[in-house]
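Please treat every number below as a calculation from the coordinates, not as lab data. For clarity, every value in this text was computed on a predicted model and none was experimentally measured. All Cβ positions, glycine included, derive from the backbone under ideal geometry; neighbour counts span all protein chains shown.
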Amino acid sequence: MKRLFNVKCVMFNVVLLYTLHFTHYTVCYAAPCYGTKLPEKNKIFLGVQTHSIFKRYLIAEEGKLRSWQDFLLLSYGVFDWLSLDLKGGAGYIKEHPIGSDELDYPSSFAGGYGFRLKFYETQRIKAVFGFQHISVHPRAINVGSTKHKAVLDDWQFSLLCSYDFKKIVPYLGLRWSRIDYIHWQDESRKRVKSDRTKSAGLIAGFDLPITKNLWLNLEGNFLDSQALAASLNYSF
């Protein structure tokens, strides 16, 4: 048991050092977490999720964007304390530059990946560190004679802590996030980053057990963005 704890500590320190190095050079990275409930070793969680970004500010005069995404979720327990998270589905982007009409990109492919690392647990309290990334590739649009194409890259590192009240498991956390809006106007490509002064955010959510293997997850993001995610999950 002591050896396992030491292994987890080493892995957490490596991931944390990588995170600090990464954020030092890129300033930040946002996507929904999955909460603090991890599958046991060799077990699988399957789910369906809806994620809505109501508002995320971009740098300078680039304005703000919105997005709606629907996913199928799969989480696999590599160990009891390490989960790999995958998702696939569809999503759209709406980007509104200052002084210009909104660009509305219709839904198409969206996917994501990440991991969660449980580094502290008692009978009721659990703490989880995670990384999540989502990429949304909506269909291109034409405005007059100009073709517009876009990709949304959505990243986050998070630290969550939950308390098990049996009938509900609420959690709170912090995250460091970034959204990149990659925009093609005909053949001209431009990468626009989210507002760097709004990189740190708060996470609040809960898991609501429905049956022994079925539960609902609801999560909100604040400060860095205004977003809400909801999922229905089943444990195998």
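Data table
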quantity	calculated
Hits among aspartates and glutamates - C-alpha to C-alpha of residue 64 under 15 Å, sequence gap 8 or more where chains match	95, 101, 102, 104, 153, 154, 180, 195, 224
Local electrostatic count at residue 165 - Lys and Arg +1, Asp and Glu -1, tallied over other residues with Cβ under 12 Å	+1
Inter-part distance where segment 59-82 and segment 204-236 are each reduced to a Cα centre, Å	13 Å
Selected from 188, 103, 231, residue furthest toward positive end of dipole (the chain; charges at beta carbon)	231
Whichever aspartates and glutamates have a C-alpha closer than 20 Å to that of residue 118, once near sequence neighbours (fewer than 8 apart) are set aside	40, 80, 85, 164, 207, 219
Computed magnitude of the charge dipole of segment 81-128 (debye, nearest 20; Cβ of K, R +1, Cβ of D, E -1)	560 debye
Positive-pole candidate from 58, 120, 90, dipole of segment 42-174, charges at beta carbon	120
With 10 Å bins from 0: P(r) over the chain, alpha-carbon pairs, percent	8, 32, 34, 18, 7, 1, 0
Full-extension gain in nm, residue 42 to residue 115, via 0.36 nm per residue minus C-alpha separation	24.8 nm
Compactness of segment 134-236 - radius of gyration and Dmax, Cα, Å	18.3, 58
Assigned charges on the beta-carbon of Lys, Arg, Asp, Glu; the chain dipole about Cα centre (debye)	800 debye
